[in-house]
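J.: Handing you a structure now.
No value in this document is a laboratory result; all are computed from the given coordinates. Keep in mind it's a predicted model, so treat the numbers as computed, not measured. No Cβ is skipped: glycine too gets one built from the backbone with ideal geometry, and neighbour counts run over all protein chains shown.
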Amino acid sequence: MFPFLKSKTQEAKIFAVSRRQFLRVTSISTTGLILGVHFAFGNNLKNQHQESLKTVFKPNAYLKIDLDGTVIIVAHRSEMGQGIRTSLPMVVAEELDADWSRVKIIQAEGNEAKYGNQNTDGSFSVRMFYKPLRQAGATAKALLIQAAANQWGVLLAQCRAENHQVINTTNGNTLDYGALAEAASQLPMPDVESLVLKNPKDFKFIGTLLPIVDNKDIVTGKAIYGMDAVMNGMKIAVIARCPVVGGKVKSFDAASAKAISGVLDVIELTSGLLPPQINVPLGGVSVVAENTWAAIKGRDALNVEWDFGPNSNFDSAKQLNEMTSSLSKKGNARMERGNVDSNLSSASHTIDYSFEAPFYAHGTIEPPAAVASVVDGKCEVLACTQHPEGAKEAVAKALKIKPENVTVNVTLLGGGFGRKSKPDFIVEAAMLSQKTGMPIKVIWTREDDIHHDFYHAQSAQNIRVGLDAQGKVTAWNHKTCFSSIVATSVVEALEPADFELGLGAVDIPYDFKNLRIETLPAKAHARIGWIRSVSNIHHSFAIGSMIDEIALARKKDAADNIIELLGNDRDLDHEGIKWDIKPYNEKKEDYPMSTGRMKNVIKLAREKSNWGKSLSGKRAQGIAFHHSFLTYVACVVEVAIDDSGTITIPEVHYAVDCGVIVNRDRVISQFEGGAAFATSLALNSAITFKNGRVAQNNFDGYQIARMPDAPKKVFVHLVESDVKPTGVGEPPVPAFIPALANALSRASGKRITKMPMMVS
C-alpha cells in the first residue's frame with residue numbers, strides 16, 4: 001500500500017478512555033475528561049490487529065480536558081511546515097467551542113497499536129480526519145453541557161457552550177470547562193449520530209488565518225528537528241554507501257579512519273539488495289565518532305573497494321534517449337475509448353510532441369537524521385519521520401525484536417516531500433546502536449542525500465492529437481514511459497502501475513471521444529520513490545502543454561479552450577479505463593470529478609490574473625488546469641525573458657477549490673511554497689546518472705530555486721465551499737508546471753518540451 005493512496009476509513013468511533021489506558025499510552029496526568037477517537041484504515045490494518053479491532057477500538061487521537069480547563073489534543077501526524085499539528089486541533093476546538101489560547105498540542109509517538117495509521121503523506125490528513133475530529137469535539141461539548149445542566153438542575157435546552165464555558169441562558173451563570181470536566185467524565189457517551197455539528201456560518205476557527213502552534217519555537221530556535229535531536233551519551237555516525245544502487249562492499253581498510261582523532265569505531269552494514277526496497281538501508285561502511293566533524297573526516301579517510309553490481313553501467317541520458325525512441329512503438333493500452341487510429345489517419349491536422357523530464361531528488365532543506373538507542377532488547381528513536389509506524393516496523397525487523405519494543409518519537413521535519421516517509425536512515429541508527437551498545441545519531445550530509453535518495457523517475461511521453469477541419473479534437477493518443485515506484489520493491493515491475501496512471505493520465509478530464517493511453521517499459525536502475533505530487537508532475541506537463549497547443553492550432557483563447565474541451569458540466573465516468581479506478585483510493589461517488597468545479601477555478605484564475613492583459617517584449621502569460629489529490633487547481637503564470645535568456649516570473653495566480661478550508665493560512669502557504677517548489681522542478685533541478693552514479697553533489701549541481709528564480713508575487717484565490725475538504729500539499733505543483741511551460745512557449749515562440757525548461 002503506497003501512502004499517497006490511503007484506503008478509506010471505516011466509520012469513526014468516539015468513546016471514553018479509561019484513565020489507566022490513557023496513562024499507559026501517553027504518560028499524561030489522567031484527571032478530567034478523556035475521549036478517544038478511532039478511525040481504522042481497512043487496507044492498512046495488520047492481520048493480527050483486525051480481529052481485536054472488531055471489539056476493541058484503539059484511539060488514533062485523544063482529546064483531554066483537564067481540571068484547570070486546559071484542552072490537550074494528542075496529535076498523531078507529523079509536522080513538516082504544512083501545519084497539520086494546528087489544522088487538526090482547530091477542527092476539534094471548533095466543535096468544542098474552545099478558547100484556542102487554552103488548547104495544548106502533544107506530539108504522539110509512532111505507534112500503530114496505539115494511534116493507528118500515522119503516515120503523513122499524500123495530502124491526506126485533513127480530508128480523512130475532518131469529520132471524526134469534528135464529532136470528537138462535539139461529543140466532548142455535549143458531555144460538558146450535560147454536566148452543567150445536571151449541576152444547575154435545568155434542561156439541556158437552557159444551556160449553551162461558548163469560549164470554553166457553558167452558559168445558563170436563563171440567568172447568565174457560567175461554568176468553566178475545567179470545573180465540569182470531572183463530572184462530564186462520569187456521564188454516558190452520547191450517540192455520535194445524534195450530535196448536531198455546527199453550521200459553517202458559525203465557524204470561528206475553521207476557515208481562518210490561524211498561525212501554526214510551532215511558530216514561536218521555530219522563529220526563536222527552540223524547535224527540535226531531526227538534526228537537533230540528542231540523547232545522553234550519544235555518538236555520531238556517518239556512512240560511506242556504495243555510489244551505485246545494488247553495489248556492495250568488497251573490502252575496506254579502517255586503519256586510516258581510526259587514526260582520526262575522535263573516531264571510535266568503523267562498522268560495516270551489509271545490504272546491496274536488488275531491488276533495493278523501501279524499508280531497508282543501502283548498507284556500507286559506518287564511521288562512529290565523538291562528533292560530526294570527526295565522523296566525516298574519518299569517512300573521508302576510509303579506503304573502500306566496492307563491487308558496483310549490475311547497475312554500474314547505468315547512464316540516465318542514454319536511457320532517456322532509449323525511452324523517447326521507444327515512443328514510436330505501439331505501447332500497452334491501459335485506457336481506450338472510441339477509434340483513435342482511424343481518427344488520427346483521417347484528421348485534417350495533427351499535433352505531435354514528445355516531452356521529457358529528468359530524475360528529481362527531494363532536496364529537503366534538512367537532510368535525513370535520526371537518533372536511536374538500543375538497550376536490553378528495546379529501541380528508542382528520535383527522528384524526523386513522516387511515517388513513524390513504518391519506521392517502527394522496519395526497525396523491529398532489522399533488529400529482530402518485537403515491534404512493541406520499539407518507540408519512535410517524532411520531531412519536526414525540515415521538509416519532507418515524501419522522502420522522510422522512508423525509514424532507511426532510522427534503521428541505520430538503530431542497527432549501529434545495537435552493534436555498539438551506545439546511542440547513535442546517523443547524519444546524512446547534503447551529498448549523501450543527493451547521492452542516495454529515492455528519486456522521482458525520469459520520464460518520456462508522446463501525445464499525438466487529431467483535429468478535424470473545424471478544429472474539433474477527433475483523437476488523443478498519449479504514450480507514457482517511466483520507471484515505476486513499484487520497481488523499488490518488485491524487480492519485475494517494468495511499466496507504470498495502475499495507480500501511477502491515475503495520477504494525472506487516465507483521469508484526464510477532457511471530453512475526447514477517441515482516446516488511448518499507452519505505457520512502455522523502463523527498467524529502474526535507482527531507488528524510485530514518491531515526491532510531492534508524484535506522477536502528476538510529468539503527466540500534467542505533457543497534457544497541459546498539449547492542451548495549449550490545441551488552443552494555438554484552433555486560434556482560440558487558451559482559457560476558453562480549456563473550458564470548451566472539458567465539455568458539458570458532468571461528473572466524469574472515466575470510460576475506457578482497464579480497471580476500476582478509485583481516485584486517490586476514494587469512491588467516485590464520494591469525491592466525483594466535476595467539470596463544473598473545474599471550469600469554475602479556470603474562470604476565477606482568468607478573472608483574478610487579468611488574463612489576456614497586454615504585455616510587451618518577451619513577456620507572456622500561460623494558463624493550465626489540473627485536478628490532483630481531489631483538489632481543483634487552475635494556475636496562471638506570467639514570465640519575462642531578457643536578452644540573455646534569463647527567465648523571471650513576475651506573477652503567479654492560483655485558483656483553488658479544495659472543499660472546506662480549515663486553516664486558510666496554511667492553504668495559502670502551501671500554494672506559495674508549492675510555486676517555488678514547482679519552479680525548482682521546472683527550471684533548475686535535474687539528477688543525472690553516469691556509470692551508475694549520481695553526477696550532482698550538492699545544491700550547486702542540483703539547484704533549487706533561489707530568490708532571483710522564485711516567483712516574485714504569488715496570489716492564491718480560494719473557492720469558498722462547504723463540501724468535504726481535500727488535499728492541498730501536493731496540488732500546487734502539477735498546474736504550475738504546464739502554466740509556466742505555456743507562458744515560456746508563447747514568450748519565446750517555441751514549444752517547451754523538456755525539463756529543466758530553457759529558452760536559449
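J.: Points 7 angstrom from Cα along the Cβ direction at residue 402 and residue 341: gap in nanometres?
T.: Result for the modelled spin labels: 6.2 nm.
J.: With a 10 Å radius around each residue's Cβ, average the other Cβ atoms per peptide and rank 442-450, 319-327, highest first. Before the final figure, lay out the partial values.
T.: On the way: 442-450: 20.3, 319-327: 16.8.
Per-residue mean Cβ counts within 10 Å order the peptides as 442-450, 319-327.
J.: Continuing with this model, one more query. Quick one: if you stick a label point 7 Å off each Cα along the C-beta vector at residue 470 and residue 721, how many nm between them?
T.: For the pair residue 470/residue 721, the computed spacing is 3.3 nm.
J.: Assign unit charges at the C-beta atoms only (+1 for Lys and Arg, -1 for Asp and Glu), then state the dipole size of region 197-283 relative to its Cα centre in Debye, rounded to the nearest 20.
T.: On the way: 10 positive and 7 negative charges, 55 e Å.
Dipole size: approximately 260 debye.
J.: May I ask you to derive the FRET efficiency for residue 498 and residue 208 from their Cβ-Cβ distance with R0 = 41 Å, giving the value to the nearest 0.05? Can you show the working numbers first?
T.: Working: r = 39 Å, r/R0 = 0.96.
So the FRET efficiency works out to roughly 0.55.
J.: Where the centre of each part is set by its Cα atoms, how far does region 417-494 sit from region 387-402, in angstrom?
T.: Cα centroid of region 417-494 versus Cα centroid of region 387-402: 22 Å apart.
J.: I've got another one for you. Sort 747-758, 408-419, 216-227, 368-379 for me by packing, meaning the mean count of neighbouring Cβ atoms within 10 Å per residue, highest on top. Don't skip to the end; give the middle numbers.
T.: Values: 747-758: 17.5, 408-419: 23.2, 216-227: 13.7, 368-379: 21.0.
The densest-packed peptide leads the list: 408-419, 368-379, 747-758, 216-227.
J.: Same structure, new question: Going 7 Å from the Cα of residue 322 along its beta-carbon direction, which residues of region 452-494 have the amide nitrogen within less than 16 Å of the resulting point?
T.: Counting backbone N atoms under 16 Å from the label point, the list is 458-460, 481-484, 492-494.
J.: Stretch residue 435-residue 196 to full length: gain in nm at 0.36 nm per residue minus the Cα-Cα span?
T.: Values: separation 239, 0.36 × 239 = 86.04 nm, distance 5.61 nm.
Working it through step by step, the gained length comes to 80.4 nm.
J.: Specify whether the C-alpha gyration tensor of region 301-414 places it in the rounded, prolate or oblate class, a ≥ b ≥ c being the square roots of the eigenvalues: rounded for a/c under 1.5, otherwise prolate if a/b is larger than b/c and oblate if not. Don't skip to the end; give the middle numbers.
T.: Details: a/c = 3.05, a/b = 2.18, b/c = 1.40.
It is prolate, given that a/c is not under 1.5 and a/b is the larger ratio.
J.: Let me ask you something else. Please give the residues of region 388-413, grouped as numeric ranges, whose backbone N is less than 17 Å from a label point set 7 Å along the Cα-to-Cβ vector of residue 375.
T.: Residues 405-409 qualify, since their backbone N sits under 17 Å from the label point.
J.: Now for a separate question. Arrange the peptides 503-509, 615-621 so that the one whose residues have, on average, the most other Cβ atoms within 10 Å appears first.
T.: Working: 503-509: 22.7, 615-621: 15.7.
Per-residue Cβ counts within 10 Å, averaged per peptide and sorted highest first, yield 503-509, 615-621.
J.: Determine the sum of side-chain charges near residue 435: Lys and Arg each +1, Asp and Glu each -1, restricted to other residues whose C-beta is under 12 angstrom from that of residue 435. Please report the intermediate quantities before stating the final value.
T.: Working: positive: 235; negative: 265, 268, 428.
Taking every Cβ under 12 Å from that of residue 435, the sum is -2.
J.: Which one, 239, 659, 166, is farthest towards the positive end of the dipole of the chain when Lys and Arg carry +1 and Asp and Glu -1 on their Cβ?
T.: The Cα lying farthest towards the positive end belongs to 239.
J.: Would you mind ranking 492, 268 so that the residue whose beta carbon has the fewest other beta carbons within 10 Å leads the list?
T.: Numbers: 492 7, 268 18.
Fewest-to-most Cβ neighbours within 10 Å comes out as 492, 268.
J.: Contact order normalised by length for the chain, with contacts defined as Cα pairs under 8 Å and 6 or more residues apart; what percent is it?
T.: On the way: 1811 pairs, mean separation 101.2, N = 760.
Across the chain, relative contact order equals 13 percent.
J.: Still on this structure: Could you work out how far the C-alpha centroid of region 627-655 sits from that of region 292-356, in angstrom?
T.: A separation of 26 Å, based on Cα centres.
J.: Hey, fewest Cβ within 10 Å first, where do 99, 642 land in order? Walk me through the numbers before you get to the answer.
T.: Working: 99 16, 642 10.
Final ranking by Cβ density, sparse to dense: 642, 99.
J.: Of 227, 215, 106, which is farthest on the positive side of the dipole of the chain, counting Cα position, with +1 on Lys and Arg Cβ, -1 on Asp and Glu Cβ, and the Cα centre as origin?
T.: Going by the charge dipole, the pick is 227.
J.: Calculate the dipole size of the chain relative to its Cα centre from +1 charges on Lys and Arg beta carbons and -1 charges on Asp and Glu beta carbons; express the result in debye to the nearest 20. Present the calculation step by step, with values, prior to reporting the outcome.
T.: On the way: 84 positive and 80 negative charges, 60 e Å.
Magnitude of the dipole: close to 280 debye.
J.: Turning to a different aspect of this structure: Tell me the label-point distance for the pair residue 68, residue 223, using the 7 Å Cα-to-Cβ offset, in nm and rounded to one decimal.
T.: 2.6 nm
J.: Which pairs break 22 Å Cα to Cα here: 258/435; 222/441; 578/599? Write out the running numbers ahead of the final one.
T.: Values: 258/435 17 Å; 222/441 20 Å; 578/599 27 Å.
In this structure, 578/599 lie more than 22 Å apart at Cα.
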